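These notes are about the structure you will find just below.
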Amino acid sequence: MKFAPYAVSLPAILVLAACAGDVATDNALIADPLEPANRGIHAFNKGVDTVVLRPASQAYAAVVPAPIERTLENFIGNLALPGDMINNTLQGDTDALGDNLGRFLMNSTLGFGGLLDVAGDTGIERQPADFGQTLATYGVGEGPYVELPLFGPSTARDATGRVVDILTNPFGLSDSDTAGDILVGSAVVGAVDTRAEFGTILDGVLYDSEDSYSAAKTAYIQNRRAFVNGTDAGDEGFVDIYAE
């Protein structure tokens, strides 16, 4: 289920990535030649949030005890570490690779499969990385802005990176049906959990702004550029709730 949107949009995303050099600088508004289509997809995504994700996140926050919530977050974060490590390696970031490898080994064993964040308790923090960031490391421009169905705001470069991250996920490459079910389940729970955690910020972007499309685009691009550059965008950055 998680792969369906990419199966439809992959050819267009790859074409957009080829145009990645003709785009805005870090301090300029990103090019948005597909704005009419993007706005239509944004309206769809906002509808999904209104009808499904937002109510589910509110129920989740009200019902799930904090210790259980932390346990789920630990498990989902541990599942993401192999993908982080692949991109740490491609980026040549040996320090981040060491941290993530240490976290994965420690939490997968002493932490009962990642349910407990034993590594975090010892000061070893996760160093997230993705293939969009890897492409940026090799000089690929971000390309025009594009909003993806269900996955939300992105750029041509980062949308392409998402496809690669999905296709190279070590757990996703497993022939086990259980591994696939765990990935899908963790994606759903992760989206609901993130929506609950950042509910106030996301409500402000999606429902309290005059133009939620422009607000989401601006906040996402600021946050994303900060992540790619290894800086801090602050708490106002857009949280990509559709991708987790």
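Structural remarks
- Selection within region 148-184: residues that are assigned to a loop (DSSP other than H, G, I, E, B) and free of Cβ contacts under 8 Å to residues at least 40 places away in the same chain. The member of this set that is nearest to Ala37 (Cα to Cα) is Gly172.
- Index of the failed condition, Asn78 passing every other in (1) within 19 Å of the chain's Cα centre (by Cα); (2) touching a residue at least 40 places away in the same chain (Cβ under 8 Å); (3) closer than 18 Å to Val188 by Cα: (2)
- Selection of first residues in region 91-108 that are touching a residue at least 24 places away in the same chain (Cβ under 8 Å) and of second residues that are part of a helix (DSSP H, G or I) and small (Gly, Ala, Ser), restricted to Cβ pairs under 9 Å at least 6 apart or on distinct chains, gives the following pairs, ordered by first then second residue: Asp99/Ala119; Arg103/Gly77; Arg103/Ala119; Arg103/Gly120; Phe104/Ala119; Asn107/Gly77; Asn107/Ala119; Asn107/Gly120.
- Residues of region 193-213 satisfying the condition of being surrounded by 15 or more Cβ atoms within 10 Å (Cβ to Cβ) and of a type in the set (D, E, K, R): Asp193, Arg195, Glu197
- Looking across region 51-69, the residues that are free of Cβ contacts under 8 Å to residues at least 40 places away in the same chain and either among the small types (Gly, Ala, Ser) or under 23 Å from Val184 (Cβ atoms) (or both) come down to Val51, Val52, Pro55, Ala59, Ala62, Val63, Val64, Ala66, Ile68.
- Residue list for region 113-134, restricted to those being modelled with pLDDT of 95 or more, surrounded by fewer than 20 Cβ atoms within 10 Å (Cβ to Cβ) and more than 20 Å from the chain's Cα centre (by Cα): Leu115, Leu116, Val118, Gly120, Asp121, Thr122, Gly123, Ile124
- Residue match in region 111-119 (condition: in contact with a Lys or Arg (Cβ under 7 Å, 6 or more places away or on another chain), more than 23 Å from Arg162 (Cβ to Cβ) and not in a loop (DSSP other than H, G, I, E, B)): yes
- Of the residues Gly123, Gly98, Gly141, Gly102, the single one that is farther than 25 Å from Tyr220 by Cα and outside any helix (DSSP H, G or I) is Gly123.
The values are calculated or read from the model by the stated rules, or taken from the named source; none is laboratory data. Please read these numbers as outputs of a predicted model, since none were measured by experiment. Note that each Cβ is placed from the backbone with ideal geometry, even for glycine, and that neighbours are counted across all protein chains shown.
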